[in-house]
1. How many residues are closer than 15 Å to M113 by Cβ and either buried (at least 16 other Cβ atoms within 10 Å of the Cβ) or hydroxyl-bearing (S, T, Y) (or both) if we restrict to segment 168-203?
2. Among what's in segment 73-111 and is among the aromatic types (F, W, Y) and not in a loop (DSSP other than H, G, I, E, B), pick the residue that is farthest from K174 (Cα to Cα).
3. Tell me whether segment 317-325 contains one or more residues that are surrounded by fewer than 24 Cβ atoms within 10 Å (Cβ to Cβ), at pLDDT below 95, at positive phi and out of contact with any Phe, Trp or Tyr (no Cβ under 7 Å at 6 or more places or on another chain).
4. Quick one: in segment 12-34, of everything that is β-branched (V, I, T) and outside any loop (DSSP other than H, G, I, E, B), which residue is farthest from K299 (Cα to Cα)?
5. Is it the case that some residue within segment 91-99 is over 30 Å from L318 (Cβ atoms) and surrounded by fewer than 23 Cβ atoms within 10 Å (Cβ to Cβ)?
6. Select from segment 1-34 the residues that are under 19 Å from the mean Cα position of the chain (by Cα), exposed (fewer than 15 other Cβ atoms within 10 Å of the Cβ) and among the hydrophobic types (A, V, I, L, M, F, W, C) and list them in ascending order.
7. Checking P210 against (1) open to solvent by less than 50 Å² (accessible area, probe 1.4 Å); (2) assigned to a loop (DSSP other than H, G, I, E, B); (3) out of contact with any Phe, Trp or Tyr (no Cβ under 8 Å at 6 or more places or on another chain), which single condition isn't satisfied?
Amino acid sequence: MLTGKQSWQFNNTPVIVSTGVTGGSFESKGPLAKSFDLLYEDDYANEETHEKAHRKFLEEAMAIALKKGGALSKDVQFLLAGDLINQMTPTNFAARQAGIPTLGLYGACATSMEGLAMAAFLVNYEGAHFILTGASSHKGAVEKQFRYPNEYGGQKPPTSQRTVTGAGVALIGKKAGGSQKQPELFSATIGKVIDMGLSDPYDMGGAMAPAAVDTIMAHHRDLGLGPNYYDAIITGDLGKNGLTIAYGLMQEKGFKMDQARLMDCGTMIFGKEQQVFAGASGAGCSAAVLYGHLLNEMKKGIYSRILLVSTGALLSPLTFQQKETIPCIAHAVAIHY
């Protein structure tokens, strides 16, 4: 059901049936390592290139989600997924292997919630029985495309963020009968493209913060919620710098939520001793943190209602070279448990 200007409310209770989360060697040393289903010691994952490894991380996450959900590829009507690499080749090549009808998505690092929102919408209105949705990234592949190859060893400023190597995938379906408790997808808000004139590719958090705030406020306005309705609002990968800016913007706009309730996937996945400047980024960041750590926290009773707001910077290497500013977007999905 359309609620307000840009939100959907799901009355037929689509749920997250199961998840699969994979990660690389650096992720295995972070504080959320135990929330991954599979971690590789080598970021090549026994493949020849980082791009091929990227595809494998997604393939493994998909296989794990299916196995945990007791489903086969033939049971799934659609795959909704994307990544940051040219023409989304890791996702498309993984889809080639899976044989599932596919809708490739590009929302940069906002892809995870773009896919989850669309999956919930389709299942809610009986457009599918089961959908796989997810997002992935790989530091070696992404850094090569958007910045410099890792081997170059270029200096980075404190506002920069480290790309997550990993993938997060969820199997979405209708709520099962009986007493089994599952994470319910309650509502979603589709964000607008926001460009505040920033152009520094090493400060994605600052560029994306206004889009995150716009979507958060639109979600609460559309659904008539108070600023502290959710136990936690978790942004995708604003990092430390962007999270501070986002909270300040909300205060300026009169959205008076408790600061302790505002968190960020990019500040969770790596530890302080890992020296990642402002935190983590990448399309796989919010997907891995949500489908691993955050859902585990919900099952433990730490949270009963969360809003995950994934954020994306919609630039390309070409637009940066042409001195364009960075348009950004954020999509939000509310999860109840």
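The values are calculated or read from the model by the stated rules, or taken from the named source; none is laboratory data. Computed from a predicted structure; not experimentally measured. Here Cβ is always computed from backbone atoms with ideal geometry, including for glycine, and neighbour counts include all displayed protein chains. Just the protein is used for accessible areas: all its heavy atoms, side chains included, with ligands, DNA and RNA removed. Shrake-Rupley method; radii C 1.70, N 1.55, O 1.52, S 1.80 Å.
1. 12
2. Restricting to residues being among the aromatic types (F, W, Y) and not in a loop (DSSP other than H, G, I, E, B), the top hit is F93.
3. yes
4. Among residues in segment 12-34 that are β-branched (V, I, T) and outside any loop (DSSP other than H, G, I, E, B), the one farthest from K299 (Cα to Cα) is T22.
5. yes
6. None - no residue of segment 1-34 is under 19 Å from the mean Cα position of the chain (by Cα), exposed (fewer than 15 other Cβ atoms within 10 Å of the Cβ) and among the hydrophobic types (A, V, I, L, M, F, W, C), so the list stays empty.
7. Answer for P210: the failing condition is (2).
Yes/no per residue for (1) open to solvent by 10 Å² or more (accessible area, probe 1.4 Å); (2) in contact with a helix residue (DSSP H, G or I) (Cβ under 9 Å, 6 or more places away or on another chain); (3) in contact (Cβ under 8 Å) with a residue 40 or more places away in the chain:
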position: A246; (1), (2), (3): no, yes, no
position: M263; (1), (2), (3): yes, yes, no
position: M268; (1), (2), (3): yes, yes, yes
position: G271; (1), (2), (3): yes, yes, yes
position: G284; (1), (2), (3): no, yes, yes
position: L290; (1), (2), (3): no, yes, yes
position: H293; (1), (2), (3): yes, yes, yes
position: S310; (1), (2), (3): no, yes, yes
position: I335; (1), (2), (3): no, yes, yes
